[in-house]
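Single-structure report; data block below.
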Amino acid sequence: MNFDPPPPLPHSFLSYPPLFPHRPYTSLVLAMSLDGKIADVQRQAARFSSAADLVHLEVRVAAVDGVLFGGGTLRAYGTTLSVRNPVLIEQRRQRGQSDQPVHIVWSPSGQLDPGYRFFQQSVPRGLITTLAGAQRWQGDKRFEKLWVMPAERVEPWDWPWLFAQLKQANLHTLALLGGGRLTADLLYHDLIDELYITVCPLLLGGATAPTLVDGDGCLAALAPRLQLISHQAQEDEVFLHYRVRREGK
Ligand SMILES: NC(=O)c1ccc[n+]([C@@H]2O[C@H](COP(=O)([O-])OP(=O)(O)OC[C@H]3O[C@@H](n4cnc5c(N)ncnc54)[C@H](OP(=O)(O)O)[C@@H]3O)[C@@H](O)[C@H]2O)c1
């Protein structure tokens with residue numbers, strides 16, 4: 001399997017994937033064990049995928065205007081994946097994108113350790129939070145941009161409204177990097193368009209270990225249906241690319 005950087009995309013890249021007028025186009029990118037776990041029962045950082053998967057992840061991150069991940073993910077990793085491959089950076093420049101996508105954390109409480117290496121990485125950072133969470137970061141330059149959810153939109157979290165704000169900030173494409181709680185929320189709101197799932201050759205088990213989609217789950221009759229776009233195997237890993245079907249909606 002070839003994970004070299006893809007050929008340069010024309011500036012019309014933003015016409016594919018199809019863009020929505022009121023929200024970013026989204027791709028979920030996650031690695032999971034064969035039994036669907038995205039981490040072990042200790043909820044540690046998932047470092048079980050191969051070097052090829054990391055290249056694949058970097059390609060996906062390099063393609064978008066912003067990446068979004070939950071506070072649980074930042075607490076597990078303390079870091080994010082920046083684009084380092086010069087070819088990918090050059091391709092971003094040719095598409096009129098900044099060298100790095102904006103790395104956005106969703107954390108209603110805003111309780112994030114300023115000592116995380118994330119805050120030293122050379123990437124623009126954003127925070128999606130509540131009024132109380134924003135107060136923690138007031139006057140702090142570590143986040144270039146705060147998106148603050150109005151109090152009346154917090155319960156339940158109004159993702160469609162928030163995504164409209166991201167779109168207004170010129171974020172047309174988003175990579176969603178987990179974890180399971182964020183995925184569940186966005187899936188519930190029908191805000192996931194594509195899924196890139198790497199199936200890794202291990203079995204983690206554990207009822208409390210996070211899965212691809214956590215939350216309350218949905219009945220099979222109502223579950224989102226997917227269309228397989230591509231599948232490739234490399235050594236013992238399988239790289240899957242699905243699109244969410246929306247026929248009839
Ligand atoms: N295999 C992979 O590719 C991969 C990728 C990413 C993550 N992971 C794993 O996924 C795990 C993290 O996933 P996660 O689902 O725990 O977290 P998450 O989806 O990264 O973040 C969950 C966010 O939900 C917010 N939240 C809002 N209401 C909540 C509630 N009632 N209860 C809990 N959280 C609430 C939390 O906000 P606050 O910040 O205010 O608490 C938190 O920031 C880690 O173990 C990580 O290693 C794996």
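The values are calculated or read from the model by the stated rules, or taken from the named source; none is laboratory data. Since the structure is predicted, the reported quantities are computational estimates derived from the model, not experimental observations. When we count neighbours, we look across all protein chains shown, and the Cβ atoms used for this are built from the backbone with ideal geometry, even at glycine.
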In the set Ala31, Ala76, the lone residue that is within 8 Å of the ligand (Cβ to nearest atom), of a type outside the set (Val, Ile, Thr), part of a strand (DSSP E or B) and in contact (Cβ under 8 Å) with a residue 60 or more places away in the chain is Ala31
Worksheet item: Is there a residue being modelled with pLDDT of 95 or more, buried (at least 20 other Cβ atoms within 10 Å of the Cβ), assigned to a loop (DSSP other than H, G, I, E, B) and under 13 Å from the mean Cα position of the chain (by Cα) anywhere in segment 103-112?
Response: no
Those residues of segment 102-153 that are among the polar types (S, T, N, Q), over 19 Å from Gly66 (Cα atoms) and touching a residue at least 40 places away in the same chain (Cβ under 8 Å) come to a total of 1
Subset of segment 154-183, residues in a helix (DSSP H, G or I), touching a helix residue (DSSP H, G or I) at 6+ places or on another chain (Cβ under 8 Å) and within 9 Å of the ligand (Cβ to nearest atom), comes to Arg181, Leu182
Considering every residue within segment 186-194, establish whether at least one is of a type in the set (Ser, Thr, Tyr), under 29 Å from Gly36 (Cα atoms), within 10 Å of the ligand (Cβ to nearest atom) and not in a loop (DSSP other than H, G, I, E, B).
no
The residue that is farthest from Trp159 (Cα to Cα), considering only those in segment 79-117 that are hydrophobic (A, V, I, L, M, F, W, C) and more than 13 Å from the ligand (Cβ to nearest atom), is Val87
Notebook entry, point to check: Do we find a residue being more than 15 Å from the ligand (Cβ to nearest atom), in contact with a helix residue (DSSP H, G or I) (Cβ under 8 Å, 6 or more places away or on another chain), modelled with pLDDT under 95 and part of a helix (DSSP H, G or I) anywhere in segment 6-15?
Noted result: yes
Is it fair to say Leu204 is at negative phi, part of a strand (DSSP E or B) and either out of contact with any Cys (no Cβ under 7 Å at 6 or more places or on another chain) or within 12 Å of the ligand (Cβ to nearest atom) (or both)?
no
Flagged pairs (Cβ under 9 angstrom, 6 or more apart or on separate chains; first in segment 217-235, at pLDDT below 95 and assigned to a helix (DSSP H, G or I); second of a type in the set (Phe, Trp, Tyr) and surrounded by 10 or more Cβ atoms within 10 Å (Cβ to Cβ)) are none
**Yes/no for Leu81 being crowded, with 17+ Cβ neighbours inside 10 Å and within 24 Å of Arg60 (Cα to Cα)** = yes
The residue from Thr173, Thr130 that alone is surrounded by 14 or more Cβ atoms within 10 Å (Cβ to Cβ) and closer than 20 Å to Val29 by Cα is Thr173
Residue hits (segment 128-153; of a type in the set (Val, Ile, Thr) and either more than 16 Å from the ligand (Cβ to nearest atom) or part of a strand (DSSP E or B) (or both)) are Ile128, Thr129, Val148
- request: Determine whether Arg75 is under 18 Å from the mean Cα position of the chain (by Cα) and charged (D, E, K, R).
  value: yes
For segment 39-73, the count of residues that are assigned to a helix (DSSP H, G or I), more than 27 Å from Phe163 (Cα to Cα) and within 7 Å of the ligand (Cβ to nearest atom) equals 0
